[in-house]
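None of the figures in this text is laboratory data; all of them are computed from the coordinates on show. The model shown is predicted, which means the values in this text are computed figures rather than measured ones. Backbone-built Cβ (ideal geometry, glycine too); neighbour counts: all protein chains shown.
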Amino acid sequence: MSVPTAVPPPARTVAPPRFGGLARAAVLLGVVGLAGSAVHSVNRITVLAAVAGILAGAVALFGGRRALAAIGTASGVTGVVLTVAVQLSGFDAVDRALDRINSREVPAESAVGTVPTTYVLGDTHRGASLDLTVANPRTLPTGALAYDVTIANRSGEAFPLALLDIRATVGSTPAARDAGLPTPSPPELPPGQSVTFAVAFTGPAEGEVLLQLGSPRSGTVYFSHMR
């Protein structure tokens, strides 16, 4: 009589965890996004990896590697948050720099006359280093209108009189400079001294005469005279 041989049960096949590869990918992408989030010039690229890690981790949470999926998702979210914070801080730094540039104080020497100021004849414009006065309007035999211009140099260095630009308009018509009057002398005005010279212009017989005096030291100043 033969004894029947026992047949071993078939080996059980263990299926791999569902979404296991996706969970590992979520961790890798999340770490990349988190690592690059602090670098301003790189995080614009690595934030894409962080977002991909979040999506992969969210799907993998329904599989068998939930711990890895959670780590990947959390890393991706942290990477995105830090990237946004770093980017915003960079924009704030640029805004503060622009504000400092826009609010930077202009030196007094260049600030004088930046906004045109109009004076009546006989008044004196007192600048940072130059005082300007226009007075004594008169009509010359040629019909040109002449004025006396006085410059006082209160700076510590000589002022070249050639730098003073003098123009005039009568109404809205530019007046021509009369070349018959002598040019200012001396060519340079020493510190602490003043000089008075005459300028003349030809133009319409009636209207408001607006004399414009400008130089790098005084800015632009206007003197008004109604004929």
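Some observations on this one:
- Using the average count of surrounding beta-carbon atoms within 10 Å as a protection proxy, the listed peptides 73-82, 187-196 rank, highest first, as 73-82, 187-196.
- With a cut-off of 13 Å between beta carbons, the residues surrounding residue 71 carry a summed charge of +3, where Lys and Arg count +1 and Asp and Glu -1.
- D (Stokes-Einstein, µm²/s), Kirkwood Cα radius, the stretch 27-71, 1.002 mPa s at 20 °C: 205
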